[in-house]
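*Asks:* If you scroll down you'll find the structure; I have some questions about it.
The values are calculated or read from the model by the stated rules, or taken from the named source; none is laboratory data. Since we're looking at a predicted model, the values are computed, not measured. Neighbour counts are summed over all protein chains in view; Cβ atoms, including those assigned to glycine, are modelled from backbone coordinates with ideal geometry. Note: accessible area is taken over every heavy atom of the protein model, side chains too, but ligands, DNA and RNA are not part of it. Shrake-Rupley method; radii C 1.70, N 1.55, O 1.52, S 1.80 Å.
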Amino acid sequence: MDKQTEYVLRSLEERDVRFVRLWFTDVLGFLKSVAIAPAELEGAFDEGIGFDGSAVEGFARVYESDMVAHPDPSTFQLLPWREEAGGTARMFCDIRHPDGSPSWADPRYVLKRALSRASDMGYTFYCHPEIEFFLIEAERQTGREPTPIDHSGYFDHTAQPQGTDFRRAAITMLEQMGISVEFSHHEAGAGQQEIDLRYADALSMADNIMTFRVVVKEVAMSKGVRATFMPKPFTDEPGSGMHTHMSLFEGDNNVFHDASAEYNLSKTGRHFIAGLLAHAAEITAVTNQWVNSYKRLVHGDEAPSFISWGRNNRSALVRVPMYKPTKGSSARVELRSIDSASNPYLAYALALAAGLDGIERELELPPEAEDDVWSLTERERRMLGIRTLPRSLEEAIEVMEGSELVAETLGTHVYEFFLRNKRAEFESYRHRVTAYELDTMLPNL
């Protein structure tokens, strides 16, 4: 028994933990949980906890349904929204087959495979997400837009206490769970918030994002409001993204930094960006997996619509943020398309795979988009070689279907299930008569 496992078992007794929640995610990124008694945990470490995989989205077919959840002791944390006495702890799990082999349907394992490939190349992959979401009134009339808790704007500091108190409580709770926060502020939309998490390795960050969503929703309920990570809940407000800053390290050396290069961006960093651009359309069905995601990725709506890169250009899909030239460890690239409602394990696995492919094939970085890409005409964008991101989930699915990189990174099981599920989602959406049609056509046709 290793020291971390011993620490967990000792902590259960010392802290009077009554329940241990074992967490994992399905292919679509929804959190799953099973609670066990502390007395069962030592056995769970040794043998795992069995469950019916056929009942979980994308995990197994009925005739191969047995799955085993193995808790990862390094992810042990107390849940601070539970009472101190008789508290509850949680751990993330790795999902395996009864014979001990990893489940190819486990999103955590998908990311681990991608990180293993990076490790074989000598790299460690770090991420820093800027997570946006809306706070809305808890009650909503069916068929009507939700009501935001305020009408403040970007960086506004107002006398309205709800958002400020909420962010304070959420950040306190996140830090109690070992998740470091860098920044928080009101975003541009009414009721829209942003909380940025401090850099961590990609697997820890994906776990942190799943925890973040739970904490944010728990705190919102305690304040009598509701939090939503829906990409675009309001027609006339910007959507919620999860801009993610990424970097690769060899030991303590940031391989994106080169003090002698233009923009201090190394050849490796340039190849990584080129890989992101080359595969951007292919991975969009995963980074933006909901039909509603494409209401966010709209021309001129503060989210990337076109495949380009730049430095101070916030219309670009990939941005190279400015940083202190003497602080090479800060060199990074920012992928701006990812939704805050995406499955972070799959999204980060594909972003990494795309960047590594750019490095392996030494892809050339196209010219920087110095102009506001939204303001260019279609002809001007074609002349500059700037392609459009998929404009609907249907289009994104079609591009993903032809992608060897996505199929290889996700694995056959996840790849095929994800495509099948998303086709069904789009068909359901396509058949639905919307409020827009009823409002604009019913009176006149």
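*Asks:* Using the Karplus equation 6.51 cos²θ - 1.76 cosθ + 1.60 (θ = phi - 60°), what ³J(HN,Hα) coupling, rounded to whole Hz, does each residue of segment 378-390 give in order, writing x for Gly and Pro?
*Replies:* Karplus-based 3J(HN,Hα) across segment 378-390 equals 4, 5, 5, 5, 4, 5, 8, x, 8, 8, 9, 5, x Hz.
*Asks:* If you wrap a convex hull around the Cα atoms of the chain, how much volume per residue is inside, in Å³?
*Replies:* Normalising the Cα hull of the chain by residue number yields 172 Å³.
*Asks:* May I pose another question? Can you give the FRET efficiency for ALA435 and GLU362, using 1/(1 + (r/R0)^6), R0 = 51 Å, r = Cβ-Cβ distance, to the nearest 0.05?
*Replies:* Given R0 = 51 Å and the Cβ-Cβ separation, E is 0.55.
*Asks:* I'd like to compare 336-345, 387-396: which one has the highest average count of other Cβ atoms within 10 Å, and what's the full order after that?
*Replies:* 336-345, 387-396
*Asks:* Would you work out the relative contact order for the chain, in percent, from Cα pairs under 8 angstrom that are 6 or more residues apart?
*Replies:* 15 percent.
*Asks:* Please compute the per residue accessible area over segment 325-442 with all protein chains in place, 1.4 Å probe, rounded to a whole number of Å².
*Replies:* Result: 52 Å² of accessible area for each residue.
*Asks:* Can you order the peptides 5-11, 201-207 by their average number of other Cβ atoms within 10 Å per residue, highest first?
*Replies:* Ranked from most to least packed, the peptides come out as 201-207, 5-11.
*Asks:* For LEU445 and MET322, compute 0.36 nm times the residue count separating them, minus their Cα-Cα distance, and round to one decimal in nm.
*Replies:* Answer, rounded to one decimal: 38.9 nm.
*Asks:* Taking only protein heavy atoms into account and a 1.4 Å probe, give the accessible area per residue of segment 168-265 in Å².
*Replies:* Value for segment 168-265: 37 Å² per residue.
*Asks:* Below 8 Å between Cα atoms, with a sequence gap of 6+, how large is the relative contact order for segment 327-445 in percent?
*Replies:* Relative CO of segment 327-445 lands at 27 percent.
*Asks:* Between SER11 and GLU40, what is the spin-label point distance in nm, taking each point 7 Å from the Cα along the Cα→C-beta axis?
*Replies:* A separation of 2.0 nm, rounded to one decimal place.
*Asks:* Using a 1.4 angstrom probe on heavy atoms only, work out the carbon and sulfur share of the accessible area of the chain in %.
*Replies:* 48 percent
*Asks:* Leaving out same-chain residues fewer than 8 places away, which lysines sit with a Cα under 16 Å from that of LYS32?
*Replies:* The reachable lysines, counting only those whose Cα sits under 16 Å from LYS32, are LYS217.
*Asks:* Considering the chain as a Gaussian network with a 10 Å cut-off on Cα pairs, which listed residue, LEU79, LEU276, LEU248, attains the greatest mean-square fluctuation?
*Replies:* For the chain, modelled as a Gaussian network with Cα springs under 10 Å, the answer is LEU79.
*Asks:* How do 185-191, 119-125, 378-384 rank on mean C-beta neighbours within 10 Å, highest first?
*Replies:* 185-191, 119-125, 378-384
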